[in-house]
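Structure record follows, encoded as structure tokens.
The values are calculated or read from the model by the stated rules, or taken from the named source; none is laboratory data. As the structure is a prediction and not an experimental result, all values here were calculated from the model. Note that each Cβ is placed from the backbone with ideal geometry, even for glycine, and that neighbours are counted across all protein chains shown. Just the protein is used for accessible areas: all its heavy atoms, side chains included, with ligands, DNA and RNA removed. Shrake-Rupley method; radii C 1.70, N 1.55, O 1.52, S 1.80 Å.
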Amino acid sequence: MSTIRLGDEAPNFTAESTEGKIDFHNWLGDSWGILFSHPADYTPVCTTELGTVAKYKAKFDQRNVKVVALSVDGLQSHEGWINDINETQNTVVNFPIIADEDRKIATLYDMIHPNADSKLTVRSVFVIGPDKKIKLTITYPAATGRNFDELLRVIDSLQLTAYHKVATPANWNNGDDCVIVPSVTNEEIPRLFPKGYKEIKSYLRMTSQPNLN
Ligand code: BEZ
């Protein structure tokens, strides 16, 4: 078991998946990535989650994010279950699902929380940047389906910080004003934020979302 913290390199692995063998780092390439686990195939909440992820493919593509799911079930189980997901969720699963039967990856990423369930993975989420570093971890319990709009919101925030030197305030949503990161000096602001900014306090400087017209 290893603890994975923000800023750590995402441990690499090879795995069998429904789209063939994956070398995780090679598979990610220059993309952002989401690795997420679910407790088991043929379970109701997981069925809705994987259907939702399939429907969000274009939203992840727009953000240059590759998504891969994982559970400790085998490939045959995944393949049968995909038919059910496609049928019941009205979609086509368009991302790989890793078969981690020996729990190698679940152990590497600490996805089994024995006091919750001794054998099955919890609902872990890891967002990985193009530098292969861990940018976000979230853990949900088995009975709570994830909010994938929240994941998109966080990815938008992470990318605004990475590419535009802004952070996002409480309850921020796409289009709302952003916070200029503290490492930007007032002298740099006119060049970086030509649309202007508002200094509420010396440490609280707001600007309109920089990647919008
Ligand atoms: C589900 O995926 O539906 C689920 C799994 C474990 C406990 C409760 C729900």
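For residue 61, the accessible area of its heavy atoms, probed at 1.4 Å with every protein chain present, is near 80 square angstrom.
Restricting to Cα atoms and excluding each atom paired with itself, what does the Kirkwood estimate give for segment 73-174 in Å? Please report the intermediate quantities before stating the final value.
Working: mean 1/r = 0.0620 Å⁻¹.
Radius from the Kirkwood sum: 16.1 Å.
Dividing the summed -39500 (n - 2.57) terms of all DSSP H runs of n ≥ 4 by the residue count of the chain sets its mean residue ellipticity at 222 nm at -8500 deg cm²/dmol.
Could you rank 113, 38 by how accessible they are, 1.4 Å probe, largest area first? Can you show the working numbers first?
Numbers: 113 60, 38 0 Å².
Largest accessible area first, the list is 113, 38.
Per-residue surface analysis assigns residue 134 an accessible area of about 0 Å², computed on protein heavy atoms at 1.4 Å probe radius.
When DSSP assigns beta bridges and you keep just the ones with both residues in the chain, what percent turn out antiparallel, to the nearest 5?
Values: 24 of 33 bridges.
Antiparallel bridges make up about 75 percent of those DSSP assigns within the chain.
Per residue, the Cα convex hull of segment 164-207 amounts to 71 Å³. Straight-line cross-link reach from residue 21 at under 13 Å between alpha-carbon atoms covers these aspartates and glutamates, not counting any fewer than eight positions away in the same chain: 100.
Averaging the sequence gap over all C-alpha pairs within less than 8 Å and six or more residues apart, then dividing by the number of residues, gives the chain a relative contact order of 21 percent.
Here residue 57 is the anchor, and the lysines within straight C-alpha reach of less than 16 Å, apart from those fewer than 8 places off in the same chain, are 66. When restricted to Cα atoms, the chain yields an Rg and a Dmax of 19.1, 59 Å, respectively. Computed over the alpha carbons of segment 121-191, Rg followed by Dmax gives 14.8, 50 Å. Modelled spin labels at residue 177 and residue 3, positioned 7 Å past Cα toward Cβ, are 3.8 nm from each other. Within the chain, no helix built from a complete DSSP H run reaches 18 Å or longer along its own axis (Cα positions) while carrying a mean Kyte-Doolittle hydropathy of 1.0 or higher.
A probe of 1.4 angstrom, applied to the heavy atoms of all protein chains, finds residue 17 with accessible area near 10 square angstrom. Note on residue 61 and residue 101: with the Förster distance fixed at 30 Å, the Cβ-Cβ geometry gives a FRET efficiency of about 0.50. Considering only 118, 157, 77, the mean-square fluctuation computed in a Gaussian network model of the chain, springs between alpha carbons under 10 angstrom, is largest for 118. When the chain is treated as a GNM with alpha-carbon contacts under 10 Å, the residue of 180, 138, 200 showing the greatest mean-square fluctuation is 200.
With a cut-off of at most 16 other beta carbons within 10 Å, and DSSP calling the residue loop, which GluC sites (Glu not before Pro) in segment 35-113 qualify? Please list them. Spell out each step's value before the answer.
Numbers: sites: 49, 79, 87, 101; in loops: 101.
Qualifying residues, ordered by number: 101.
With every protein chain present, what is the per residue accessible area of the chain (1.4 Å probe, Å²)?
Numbers: 10890 Å² over 213 residues.
Ligands and nucleic acids excluded, the result is 51 Å² per residue.
Between residue 153 and residue 88, the modelled labels are 2.7 nm apart [label points 7 Å from Cα along Cα→Cβ]. The accessible surface of segment 14-146, taken with every protein chain in place and a 1.4 Å probe, is 48 percent carbon and sulfur. So, in segment 88-213, how many Lys pairs have Cα atoms under 24 Å apart, if the pair is 8 or more places apart or on different chains? Close lysine pairs found across segment 88-213: 10.
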